[in-house]
Each structure stands twice: as structure tokens, then as C-alpha cells.
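The values are calculated or read from the model by the stated rules, or taken from the named source; none is laboratory data. Just so it is clear, the structure is predicted and the values come from calculations on it, not from any experiment. Here the Cβ is made from the backbone with ideal geometry for all residues, glycine too, and neighbour counts use every protein chain on show. Only protein heavy atoms, including side chains, enter the accessible area calculation; ligands, DNA and RNA are left aside. Shrake-Rupley method; radii C 1.70, N 1.55, O 1.52, S 1.80 Å.
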Amino acid sequence: VDPSKTDFDAWMRARQQRTEQVLEALLPPAAVLPVRLHQAMRYAVLGGGKRVRPLLAFAAGEVSDAALERVDRVAAAVEFIHAYSLVHDDLPCMDDDVLRRGRPTCHIAFDEATALLVGDALQSLAFQVLSDPMLGSEPRAQVDMLHTLAIAAGSRGMAGGQAIDLGSTGEELTLPELENMHIHKTGALIRAAIVLGGWCGNSLPAADLAHLDRFAKCAGLAFQVVDDVLDAESDTDTLGKTAGKDARQAKATYVTTLGLARARAFASELREDALGALGGFGPRAARLRELIEFIVLRTH
Ligand code: IPE
Ligand code: IPE
Ligand code: MG
Ligand code: MG
Ligand code: MG
């Protein structure tokens, strides 16, 4: 057994557990009115998910020697937006999925109107958490974080990417069009997780921030390329979501455009680019290096 691998696994599990506790504490209790909405919000967020965006925020926080308590909130804010995006992505009017994280999707376990409101409420909760004075950042820095997350989630970020996805279903996209869709629908939020995590600690020199951002862009795109590959290559049990859906719904993906082998090769190229961006950081970026490996080699 590679000891550094064991060490990474232990780090990952510890941060995932920490994230779970933070999310749990920040969500309204299930017994608080309106009970059904709060139950559905907790259902959509808790007890599943790889927590890749929080992990990336923690790993970026190590680059700037950030306090874990501050990264906790940034990670939770990003994960709330992510969970909301999944609930809406699964709705019948979007991807129409019945399985997510190995369980019925939110609108199946509850109902469509509740799932819609879960998304609305989780998005607000994200900004509530990030704007809380408990974050303990300089007010100006906190406003910058809010601004960055708002852009990443909005029509020039995730929501815009989802619009491109819906608009291009059944179409063939060129590689630049495909890249544009992916860096918005998935890349924007992953990039925000890393950049915000990096901002949680000591203020980094501009060159370091630029390198971190370059890593973040590569990681975000790589993540969705691998999601496309797994949809085509894996099975429903392993994924915890319905496999083969992209082909069935005639989605434009890296697999339809490049084929499986070249899509995988592209993900590896992005990993190399991402690692290249971290060259100057030394051991501070060890977790980021391990995470890009995890993103590209994951099986679900
Ligand atoms: C799935 O994201 C949707 C995409 C943006 C590709 P994840 O693969 O991070 O889903 P969870 O959070 O682990 O379930
Ligand atoms: C979703 O992409 C990206 C989001 C913003 C949620 P997909 O539609 O491919 O995600 P999965 O495969 O359903 O998780
Ligand atoms: Mg989708
Ligand atoms: Mg989907
Ligand atoms: Mg997918």
C-alpha cells in the first residue's frame, strides 16, 4: 500500500465527515416549520455525495494556511448551491432523473413543487451562510467572496451552463462549444470552491492566485469530462444515478464528440495542465495534487 495514498484517504474521509457535520448544523432542523420543505432540503443535501467541492475548498485553504472554521462555511455555501443544482437538474423539465446518490431524486421522494422550493431555499441558504459575520473575514473580502459565488451560480455561470445544456440537447456541438458549456455548468462552481478556499487564509500574491485559478479551471472542466465518460462507461449501481442517460437523451458530451478513449485522454491532459499550474507551490498544494488525481481517476 502506498502510504501517501492512505494518508490522502484518511484526510478525505476526515474532511468529508467534517463537511457533513457543518452542513447538518447549518440546515434548518427537520422539525421546524415548514416541515416538509425542511425535510426535503435535508434529504437533498445530507447523507450522500462525494463532497468534491468542499474537499477542493479545504485543499485550496491549505495553500493559504486558512483556518478550518472559515473554510467550513465557504465549503458549505458552495455545496448548498451544488445540491440545489442537482435537485433542479433532476426535475422532469430538465434531465428527468429518478435516481441520485443511490436514492430516489428529491422530486420523487417528495414532489416537484417541493423540489423546486428546495432549490430556491438552498440557494438562499448558501448566501446566508457566506454573508454571516461568523465567517470572520474582512468585510471587503467577504463581499468579494459573495460576488464570486453569485457569478459562479448565475446566468454567466452554472445556471447559464445548464441553459446551454438544455438548448443543445439533440445537437452536435463543436469542441469549443462543448468546452464552453462544461466550464459554465460544472466548471464555474468548482472554480469558485477553489478560489474561495484559497481566499480564506493569508492573502496570496497575485501570481499565486493566478496559478490557483488556472488549476481551478482545469479541475472544473476535467470533472465534467469524467462525468460524461462515467455516464457512458459505468453502471447505475456504481454511479448511484442512472447510467447511459446522456446517450438516451441525446446530450452533447465529450463522449459523443470525441469518443470514450479521446475523452479519457483529454481528462488526463487537463490533469497534467492542472498539476503544471501548481508547480511553484511545493508541499502546500499536496492535497490539490491528490484531488485532481481523484477527480480524473474516480469511478463514480
Ligand atoms: C454531479 O456532481 C453533477 C455534476 C456537476 C457533474 P458530483 O459528481 O459532484 O455529485 P455528488 O455531489 O458527488 O453526488
Ligand atoms: C449537471 O450535469 C451539471 C449541474 C449543474 C447539476 P449532468 O446533468 O451531467 O449531471 P448528472 O450526470 O445528472 O449528475
Ligand atoms: Mg444535466
Ligand atoms: Mg443530469
Ligand atoms: Mg452527467
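At-a-glance table
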item	result
Tail fraction, Cα-Cα pairs, segment 175-214, threshold 10 Å, whole percent	72 percent
Arg156 versus Gln17: modelled label distance in nm, points set 7 Å from Cα along the beta carbon direction	4.2 nm
Distance between segment 160-206 and segment 49-94 - C-alpha centres, whole angstrom	14 Å
15 Å Cα-Cα reach of Lys5 towards aspartates and glutamates, excluding residues that sit fewer than 8 places from it in its own chain	Glu290, Glu293
Protection-proxy order for peptides 56-68, 103-115, 24-36, each taking the mean of Cβ atoms within 10 Å per residue, highest first	56-68, 103-115, 24-36
Proximal lysines relative to Lys185, as straight alpha-carbon distance under 30 Å, when same-chain residues fewer than 8 apart are discounted	Lys50, Lys217, Lys241, Lys245, Lys251
Dipole in debye (nearest 20) - segment 12-95, about Cα centre, beta carbon charges: Lys, Arg +1; Asp, Glu -1	160 debye
Spatial extent of segment 102-166: Rg and Dmax, with the Cα atoms as the point set, Å	15.0, 42
Segment 74-144: relative contact order as a whole-number percent, Cα under 8 Å and 6+ apart	38 percent
Pairwise label distance in nanometres, Lys50 with Ala207, each label 7 Å out on the Cα-Cβ vector	3.3 nm
Potential lengthening between Leu116 and Thr169 on full extension [0.36 nm per residue; Cα-Cα distance subtracted]	16.9 nm
Extended-chain gain in nm, criterion 0.36 nm per residue less alpha-carbon gap, Gln128 and Met94	9.6 nm
For the chain: accessible area per residue (Å², 1.4 Å)	44 Å²
Calculated [θ] (222 nm, deg cm²/dmol) that DSSP helices of n ≥ 4 give over the chain, each run adding -39,500 (n - 2.57)	-22000 deg cm²/dmol
Heavy-atom accessible surface of the chain: percent carbon and sulfur, 1.4 Å	56 percent
Net charge dipole size for the chain [Lys, Arg +1 and Asp, Glu -1 on Cβ; Debye, nearest 20]	480 debye
Spin-label model distance (nm) - Gln249 vs Asp7, 7 Å beyond Cα toward Cβ	4.1 nm
Segment 1-110: relative contact order in percent, alpha carbon pairs under 8 Å with at least 6 residues between	23 percent
Segment 41-80 - percent relative contact order, Cα under 8 Å, separation 6 or more	47 percent
